[in-house]
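K.L.:
My structure is below; once you've seen it, I'll send some questions.
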Amino acid sequence: QVQLVESGGGLVQAGGSLRLSCTASGDTHCISAMGWYRQAPGKERESVAAITSGGSTNYADSRQGRFTISRDNAKNTLFLQMNSLKPEDTAVYYCNAQDRKLWYSCSYGMDYWGKGTLVTVSS
């Protein structure tokens, strides 16, 4: 069992920056890859960025260069640095963790989600 808690959201003007954090607790040894998703009002949830336990990253093309994903494995924390924010970045941002470990205490194939943190970018 893994619990995820996001923080760092808020109101920011266009062109500004925010850094989101996600802290994992529980059976953190079960976590392999982690990522950030977002859901804007009236739209479906979409992937923002992902990172493996080894540090390999993947970004949506439209956010390449503005967003940076990173993780501190020792502290079980995931980050998303967001720069040059635009009004269309306004959304609830969710932290995701994948369970891909074949230990008895893990649930292979399970995905864990935080409750989200709201980012609002004003024009």
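K.L.:
Against the 2.2 N^0.38 Å scaling, with N counting residues, where does segment 1-71 land? I'd like the Cα-based Rg ratio to two decimal places.
P.N.:
1.21
K.L.:
Tell me the accessible surface of R19 in square angstrom (1.4 angstrom probe, heavy atoms of protein chains only), to the nearest ten.
P.N.:
Answer for R19: close to 130 Å² accessible.
K.L.:
How much accessible surface does K86 have with a 1.4 Å probe, in Å² rounded to 10?
P.N.:
90 Å²
K.L.:
Let me know the charge dipole size of the chain about its Cα centre in debye, to the nearest 20, where only the beta-carbon of Lys, Arg (+1) and Asp, Glu (-1) is charged.
P.N.:
About 140 debye.
K.L.:
While we're looking at this one, here's another question. Taking only protein heavy atoms into account and a 1.4 Å probe, give the accessible area per residue of segment 34-123 in Å².
P.N.:
Per-residue value: 56 Å².
K.L.:
Per residue Cα convex hull volume for segment 1-42, in cubic angstrom?
P.N.:
108 Å³
K.L.:
According to the Kirkwood expression over distinct Cα-Cα pairs, how big is the hydrodynamic radius of segment 23-123, in Å?
P.N.:
It is 14.3 Å.
K.L.:
Once the piece of chain linking K115 and A14 is laid out straight, how much longer is it, given 0.36 nm per residue of separation minus the C-alpha distance between them?
P.N.:
The span from K115 to A14 would gain 33.9 nm if fully extended.
K.L.:
Next question, about the same structure. Run the simple label-point estimate for R100 and E88 please: 7 Å along Cα→C-beta, distance reported in nm.
P.N.:
About 3.0 nm separates the two model spin labels.
K.L.:
Could you please state how large a percent of the accessible area of the chain is carbon and sulfur, counting protein chains only and using a 1.4 Å probe?
P.N.:
48 percent
K.L.:
Starting from 0.36 nm per residue, how many nanometres of slack lie between S25 and Q39 once their C-alpha separation is accounted for?
P.N.:
2.7 nm
The values are calculated or read from the model by the stated rules, or taken from the named source; none is laboratory data. Predicted, not measured: the structure shown is a model, and the values here were computed from it. Heads up, the Cβs are rebuilt from the backbone with ideal geometry, glycines too, and the neighbour counts pull from every protein chain shown. Only protein heavy atoms, including side chains, enter the accessible area calculation; ligands, DNA and RNA are left aside. Shrake-Rupley method; radii C 1.70, N 1.55, O 1.52, S 1.80 Å.
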